[in-house]
There are 2 protein chains.
Amino acid sequence: MAMLVVGSIALDSVKTPFGEAKEALGGSALYFSSAASFFTQVSLVGVVGDDFPKDNIEFLAKRGVDLSGLEVVPGKTFRWAGSYEYDMNEAKTHATDLNVFEGFRPKLKPEHENTEFLFLANIDPVLQQDVIAKVKGPKAIGCDTMNFWIGGKRDELLKTIKKVDIMFINDAEARQLAGVPNLFKAARAIREMGPKILVIKKGEHGAMLLTDNTVFSVPAYPLEDVFDPTGAGDSFAGGFMGYLSSKGEVNDCNLRRAMIYGSVMASFNVESFSMERLKTLTKEEIEKRFKEFKKLSHFEGFEV
Amino acid sequence: MAMLVVGSIALDSVKTPFGEAKEALGGSALYFSSAASFFTQVSLVGVVGDDFPKDNIEFLAKRGVDLSGLEVVPGKTFRWAGSYEYDMNEAKTHATDLNVFEGFRPKLKPEHENTEFLFLANIDPVLQQDVIAKVKGPKAIGCDTMNFWIGGKRDELLKTIKKVDIMFINDAEARQLAGVPNLFKAARAIREMGPKILVIKKGEHGAMLLTDNTVFSVPAYPLEDVFDPTGAGDSFAGGFMGYLSSKGEVNDCNLRRAMIYGSVMASFNVESFSMERLKTLTKEEIEKRFKEFKKLSHFEGFEV
């Protein structure tokens, strides 16, 4: 098995200056799978209630996503409602109804335990540790988190981080976790907590990769209209981990290209509400935008 | 004549978490000249009082900077005092004593009027227009400004901008000038005000170049300690305009490389107080860091 993702599946109601979506597909695991499925074979582990419109994720099955780990339990699916102002930097949460997600305990089938790559989306670090304990020596474990866990379950989060190879975190959370304002100092401190590979997501300012040998920066794709930033981070991680999984080897060259594929997937995702854009996207469009990123950041060996 | 800069010359008292400097060399024209002098022949037009320690700018003369436009008038030199907190993003101004700078009217010698490249550092847009009216068809006019003029002399600033080829502005000021939060939309709006070439400086997030054909992003150099951000923008402009002037031609290829040289000069400048680092810097160090920028942003055609 190539890639396993464990995370949330939600119905999101989102309002932005460009419009709104009601009870649309959301959640870290769905965004991640949608993006990663363009690159590799993904298995998804998560939980929904019996009200979940399963037909709506048919597109994932069609892209080869293994949904055998999608648990359906009596009750309501996790719902989140939020809005964004014009600056699009931070979501204002209006309601978080965990519903069946509250009792979520990830269940891995034997084939899931043998995954080559594991992505722990943003869930309780205690659950993240559970999953890590179950998998049998994957090539790389990636994880995401959020300010809620950094502030509220710091010790548990540190235990997770210690076992993780690739950490995805946004710039504000990186400063919060490390307790220093300088981002490069924060990055060093976080890498000393465990993950040898750190990806710092900076929204409109792009993303940074830091390893033992590398500092690598990718700009954000120049979008004049960001319709809905929900899921940008998970789409990034999906493109990144999906590409790595397709190459099978974690090295600086693949990591750099993974950063670009992550940026490509995030840039498409924010072009419409929910995962509408990721649904219609084609491999050709992805490759075209990959090339555009070269134009955005290369200053030699590239004729302009 | 290759390059003319008109701007302020000051004695700065700056405090940062790393230390402080008292009445040290400062001002946009001095920072610009220090940086540009590594690339091209620079003439400086500005004013100081009779208390100015002229010996302290001997290093500029040694680098070939033409100081014949440095006017010395009775009275005290412009003084600025400010401090930075740990985040280093914005200076807190403690005192601004314009002194002789208040009556500054740029005087250009005949050879200055024939400059190939002109840089209007951050001064009153009315003075910037005066200078533009005096020069005879330069290859390119660059200009900088600040929130003070955007808010207080908007109409005059718009008149200046209309005549400018290359505008340097930071991200907050770009949003303020254009009145929109999205940076790419703001960039489009500003380019429609006149300058075909726009450089948006984003501090720790690097810088962006926008032309008719190009969106190009440069990351900031990864510095764990920024000792004093004063003059970073002017050093950037100095490296950028200096390099362009050395090539003599404004095209996308040269502009991309100019962005890197600008970033290189700004990154050195913030490594110490005042222009101490720019004083000791060598061409070899500049070229070495230029190459490091390639490593920071290239993901193909570059072995890591």
Quick one, could you list the DSSP H helices from chain A stretching 20 Å or more along their long axis (Cα atoms) with average Kyte-Doolittle hydropathy of -0.5 or above? A:232-247, A:252-269
Distance violations [Cα-Cα > 21 Å] among A:Lys134/A:Lys247; B:Lys134/B:Lys162; A:Lys196/A:Lys295; B:Lys139/B:Lys162; B:Lys247/B:Lys283: A:Lys134/A:Lys247; A:Lys196/A:Lys295
Rounded to one decimal in nm, the spacing of the 7 Å Cα→Cβ label points at B:Lys163 and A:Asn251 is 5.8
Between A:Gly69 and residues 5 or more places away or on another chain, the pairs with built amide H atoms under 5 Å apart involve A:Leu44
How big is the antiparallel share of DSSP beta bridges in segment B:3-297, given as a percent to the nearest 5? 40
Whole-angstrom gap from segment A:79-127 to segment B:173-231, using each part's C-alpha centre: 34
With DSSP loop assignment and no more than 13 other C-beta atoms within 10 Å, the GluC sites (Glu not before Pro) in segment B:259-304 are B:Glu303
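From other protein chains only, count the Cβ atoms within 10 Å of every residue's Cβ in B:249-256, then give the mean.
Mean shielding count: 2.
Which entries of B:Lys22/B:Lys92; A:Lys288/B:Lys202; A:Lys136/A:Lys163; A:Lys92/B:Lys185 have Cα-Cα distances beyond 20 Å here? Before the final figure, lay out each step's value.
Details: B:Lys22/B:Lys92 16 Å; A:Lys288/B:Lys202 27 Å; A:Lys136/A:Lys163 13 Å; A:Lys92/B:Lys185 23 Å.
The pairs that break the limit, which is 20 Å between Cα atoms, are A:Lys288/B:Lys202; A:Lys92/B:Lys185.
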Karplus-derived 3J(HN,Hα), 6.51/-1.76/1.60, for each residue of segment A:56-62, Hz, glycine and proline x: 5, 10, 3, 4, 6, 4, 4
How do B:Thr211, A:Thr214 line up, fewest other C-beta atoms within 10 Å first? A:Thr214, B:Thr211
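Values in this text are rule-based calculations from the coordinates and carry no lab data. Quantities reported herein were computed from a predicted structural model and do not represent experimental measurements. Neighbour counts run over all protein chains shown; Cβ positions are idealised from the backbone, glycine included.
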